[in-house]
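Quick notes on the structure that follows.
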């Protein structure tokens with residue numbers, strides 16, 4: 001058995017998040033355009049007598065260490081399918097904001113799945129890994145594949161998208177998290193008759209062209225009004241980034257991280273510095289997209 005396996009996995013930003021009305025199963029139909037961005041967690045799998053989770057990095061204390069952690073659930077799911085005892089120590093080195101709408105927990109689940117597959121020598125087919133990811137959560141499949149994709153259904157049914165260039169982003173993190181179920185519940189309250197979600201042709205074309213100026217007016221997030229209702233202070237962050245020169249701003253997923261599209265690398269640095277000194281967020285990070293999905297480092 002391999003001594004250890006480390007997998008790097010990216011955060012995501014939703015450049016379009018179109019949300020339909022609640023379904024009978026409690027989920028919502030989505031047209032969810034994902035972009036993987038260059039902020040990463042790393043998950044290291046090491047043989048152990050039993051399943052154990054440890055975490056380091058920013059906000060590590062906020063990450064659950066029990067069976068509810070998606071990394072733990074991924075290891076158990078793979079082990080059960082192949083009749084393997086789930087004895088593994090999973091160490092998560094966090095750099096993706098916790099509970100920030102950037103799929104950090106989903107990323108850890110995808111990374112743990114790839115790491116355990118390699119550590120245990122399972123050799124699972126890509127379709128099997130994607131199937132386990134879909135069982136774990138709506139965002140987990142995209143964390144596995146990265147790049148850019150349109151997610152439909154509840155977001156787990158992916159179609160890869162072409163991206164014609166590099167996009168520059170700034171992500172402003174807020175104090176505390178926002179509960180995704182709470183944001184969806186507020187969406188349901190604010191939007192009782194949501195239309196069927198559809199991907200924006202203009203946005204998909206802008207991605208293909210790699211043109212930030214064309215992408216900016218197409219950025220949309222149907223959950224943003226709900227996130228702002230629950231956390232009104234996020235509006236100040238959005239305004240601060242726009243005033244500093246961002247081409248566009250939006251709440252990332254269910255929040256509370258806010259995302260700012262910049263013209264180029266220099267503009268992204270300017271926007272990030274303005275946000276850091278604005279008093280409207282905890283910190284601001286610069287990143288580019290697209291980024292690769294879960295990748296074995298060694």
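The table below lists the values:
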read-out: Of the criteria (1) out of contact with any strand residue (DSSP E or B) (no Cβ under 7 Å at 6 or more places or on another chain); (2) surrounded by fewer than 23 Cβ atoms within 10 Å (Cβ to Cβ); (3) modelled with pLDDT under 95, which one residue 254 fails; value: (2)
read-out: Only listed residue being more than 19 Å from residue 284 (Cα to Cα) and touching a strand residue (DSSP E or B) at 6+ places or on another chain (Cβ under 7 Å), chosen from 211, 222; value: 222
read-out: Breaking point among (1) surrounded by fewer than 24 Cβ atoms within 10 Å (Cβ to Cβ); (2) touching a helix residue (DSSP H, G or I) at 6+ places or on another chain (Cβ under 9 Å), for residue 125; value: (2)
read-out: Neighbours by Cβ (under 6 Å, 6+ apart or cross-chain): first from region 98-118, surrounded by fewer than 24 Cβ atoms within 10 Å (Cβ to Cβ); second at pLDDT below 90; value: 98/59; 98/62; 99/177
read-out: Matching residues, region 252-298, being assigned by TED's automatic domain parsing to the domain that holds residue 225, more than 20 Å from residue 207 (Cβ to Cβ) and part of a loop (DSSP other than H, G, I, E, B); value: 254, 255, 256, 257, 277, 278, 279, 280, 281, 282
read-out: Test result for residue 182, closer than 25 Å to residue 159 by Cβ and in a helix (DSSP H, G or I); value: no
read-out: Residues satisfying the stated conditions in region 168-182, i.e. surrounded by fewer than 23 Cβ atoms within 10 Å (Cβ to Cβ) and farther than 21 Å from residue 277 by Cβ; value: 177, 179, 180, 181, 182
read-out: Residue satisfying condition, being in a helix (DSSP H, G or I), farther than 23 Å from residue 176 by Cα and within 21 Å of the chain's Cα centre (by Cα), within set 31, 74; value: 74
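The values are calculated or read from the model by the stated rules, or taken from the named source; none is laboratory data. What you see is a predicted model; the values in this text were computed from it and never measured. Cβ coordinates were reconstructed from backbone atoms using ideal geometry, including for glycine residues, and neighbour counts include every protein chain displayed.
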